[in-house]
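Worksheet: the structure to be examined is printed underneath.
The values are calculated or read from the model by the stated rules, or taken from the named source; none is laboratory data. This structure is a prediction, so every number in the text was calculated from the model and none was measured. Cβ coordinates were reconstructed from backbone atoms using ideal geometry, including for glycine residues, and neighbour counts include every protein chain displayed. Heads up: the accessible areas ignore ligands, DNA and RNA and are worked out on the full protein's heavy atoms, side chains in. Shrake-Rupley method; radii C 1.70, N 1.55, O 1.52, S 1.80 Å.
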Amino acid sequence: MDELIVNELIEELIKLSFAEDIGDGDHTTLCCIPADAIGKQKLLIKEEGILAGVDIARRVFNAFDPELKMEVFMQDGTHVVPGDVPFVVTGKEQSLLQTERLMLNIMQRMSGIATMTARYVKALEGTGTKVLDTRKTTPGMRILEKMAVKIGGGCNHRIGLFDMILLKDNHVDFAGGIHNAISRAKQYCKEKGKNLKIEVEVRNFTELDEALAEGVDRIMFDNFTPEDTAKAVQIVNHRCETESSGGITYDTMLPYANAGVDYISFGALTHSVKGLDMSFKAVK
């Protein structure tokens, strides 16, 4: 995805988030903290995991008050434990208090996603299978959540509907079958001058044969058993990339990886993650 577009999306997210949180003013802070008071706060880690969101935190602070000074001791991707202090921020106490919750919301969620992703990646070490995310993300936060997946060692499937063609079961059914769906996708790319990878979801071996006959960049095995997945991988025989999907969990993923698929996609990485516990404490 174009870096300029990514930056614009992040800026809009930060702007909207401040509008949502502060409204016409943080009256709690404004009523009791002098406008000229200068202070310092530290990010305190309270749970073991993978740190993610440091760069975004910097953008949050800078967007609200460019005079806030951030001293960073730990970068994104660092393994952290309770008691670690990844950074401290110095500046107006009013600014520190008003940026605290947004920064923590982002960092806790990103770090939770990175931590879960790293756990999945480690469990699949040696299998050759890569961990993929999905579009099952929090509306408005997709870019940050997919950044967190990469920080945790996973791979991004696609950012949205615009950067890859993924023909799922409904597309196939509406189009009238695998042949129609793939042929129309290829014709569309040709007519529009789009250089997009084409992936198709198959539900059985008949659809798999049809997809291979048409030729695509990747085939997704939807709700296949590990045994059928192994058979499907043999049939594909490296003619395209392969992916397993459909209700696969941390506890059930290893047999799919051992079946030889290139990727396994997990919606849980972004839709069922627990945030990593941390707080932003005043330094006296």
Within segment 136-171, the residues whose backbone N lies under 18 Å from a label point placed 7 Å from the Cα of Val72 along the Cα-to-Cβ direction are 144-153
Taking the dipole of segment 20-168 about the Cα centre (Lys, Arg +1; Asp, Glu -1; charges at Cβ), the one of Gln98, Thr138, Ala57 that reaches farthest to the positive side is Thr138
Heavy-atom accessible area of Phe73, protein chains in place, probe 1.4 angstrom, given in Å² to nearest 10, is 120
Summing -39500 (n - 2.57) over every DSSP H run of at least 4 in the chain, dividing by its residue total and rounding to the nearest 500, the 222 nm mean residue ellipticity is -14500 deg cm²/dmol
With all protein chains present and a 1.4 Å probe, the order of Cys189, Cys155, Cys31 from largest accessible area down is Cys31, Cys155, Cys189
Under Stokes-Einstein, the chain at 4 °C and 1.567 mPa s, with its Kirkwood radius over C-alpha pairs, diffuses with a coefficient in µm²/s of 62
Calc'd 3J(HN,Hα), segment 43-55, phi into Karplus 6.51 cos²θ - 1.76 cosθ + 1.60 (θ = phi - 60°), Hz, glycine/Pro = x, comes to 7, 10, 7, 10, 8, 5, x, 10, 6, 8, x, 4, 5
For segment 134-237, whose charge dipole is built from +1 on Lys and Arg Cβ atoms and -1 on Asp and Glu Cβ atoms, the candidate among Thr229, Leu167, Ile178 with its Cα farthest towards the positive end is Leu167
Computed about the Cα centre, the charge dipole of the chain from +1 Lys/Arg and -1 Asp/Glu charges at the Cβ has a magnitude in debye, to the nearest 20, of 280
Output ordering of 142-150, 160-168 (per-residue mean of other Cβ within 10 Å, highest first) is 142-150, 160-168
Here, Leu161 and Val81, labelled 7 Å along Cα→Cβ, have an inter-label distance in nm of 4.7
Calc'd 3J(HN,Hα), segment 98-113, phi into Karplus 6.51 cos²θ - 1.76 cosθ + 1.60 (θ = phi - 60°), Hz, glycine/Pro = x, comes to 7, 9, 4, 5, 4, 4, 5, 4, 5, 5, 5, 5, 4, 5, x, 5
In whole percent, the Cα-Cα distances of segment 22-65 spread across 5 Å bins from 0 upward as 5, 13, 16, 24, 19, 14, 8, 2
Computed Rg/Rh for segment 198-284 (Cα atoms; Rh = Kirkwood radius) stands at 1.23
By the Cα gyration tensor axes a ≥ b ≥ c (a/c under 1.5 gives rounded; else a/b larger than b/c gives prolate, otherwise oblate), the shape of segment 152-209 is oblate
Rg/Rh over Cα atoms for segment 233-284, Kirkwood Rh, comes to 1.30
Given unit charges at Cβ for Lys, Arg (+) and Asp, Glu (-), the dipole magnitude of segment 232-284 about its Cα centre in debye, nearest 20, is 380
Taking only the alpha-carbon atoms of segment 36-127, the convex hull volume per residue, in cubic angstrom, is 84
Here the relative contact order (percent) of segment 151-236, from C-alpha pairs under 8 Å and at least 6 apart, is 26
In order over segment 230-235: 3J(HN,Hα) from phi, Karplus 6.51/-1.76/1.60, θ = phi - 60°, whole Hz, x for each Gly or Pro, gives 4, 5, 5, 4, 5, 5
